[in-house]
Amino acid sequence: MHVIRVRDGVEFARIAPAGFVILSAFHSATQVLHVDIWITCGTDSHAGGDPHPSGEAYDISVGAYSVDMVLELHTFLEKALGPLFTVLYESPRSPDDPRLRSIVWVNPGASAPHLHVQRKKGTIYPPPPPTARNV
């Protein structure tokens, strides 16, 4: 059985509604892709204004995965979460593999390659309910 695992020191001081959706997608990925997912950052390690402290972003380690698995997990999470969420392959340097270069967001301050998943900037989750006119 594959599960979500959490690195020592990761905090979950708050989980916003978008955070619950992200965690649910992580769980689904463990079952469908048959991998354990390690959360390496929750509400810790980021300044205010960043989506991590608000419980709307999580980082997961990809260091133990093959390039194919990183791509498969990235695609799975994008599809599972939909347009109100962002899934970034974040790395401190440009990867050697051209398939990863097509999805990388280079962040020299990142400690290691990982997937960063958050509510998309400029959106609200949950979205406002439809009005009677829109139904």
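The numbers here are math on the coordinates, done by the rules we state, and not lab data. Model, not experiment: these values are computed from the prediction. Don't worry about glycine lacking a Cβ; one is built from the backbone with ideal geometry, like all the others, and counts go over all protein chains shown.
For the reader, a short list of remarks on this structure follows.
- Computed per residue of the chain from DSSP H runs no shorter than four, each worth -39500 (n - 2.57), the mean residue ellipticity at 222 nm is -8500 deg cm²/dmol.
- The residues neighbouring THR30, those whose beta-carbon lies less than 15 Å from its own, together hold a net charge of -1 under the Lys/Arg +1, Asp/Glu -1 convention.
- For HIS2, the shell of other residues with beta-carbons less than 14 Å away shows a net charge of -1, using +1 for Lys and Arg and -1 for Asp and Glu.
- Qualifying chymotrypsin sites (Phe, Trp or Tyr not before Pro) in region 1-108, DSSP loop, other Cβ atoms within 10 Å at most 16: PHE12
- Region 68-87 and region 21-60 have their alpha-carbon centroids 12 Å apart.
- Shape call, region 90-135: gyration tensor on alpha carbons, a/c limit 1.5: prolate
- Extension gain, ASP68 back to THR123 (0.36 nm per residue minus Cα-Cα distance, nm): 16.8 nm
- Rounded, prolate or oblate (a/c below 1.5 giving rounded, otherwise prolate when a/b exceeds b/c) for region 1-126 by Cα gyration tensor: rounded
- Subtracting the Cα-Cα distance of ASP36 and PHE20 from 0.36 nm times their residue separation leaves 4.0 nm of extension gain.
- Taking the longest Cα principal axis of the chain as reference, the axis of helix 17-33 is set at about 50 degrees.
- Degrees between helix 67-81 axis and first principal axis of the chain (Cα, 0 to 90, nearest 10): 0
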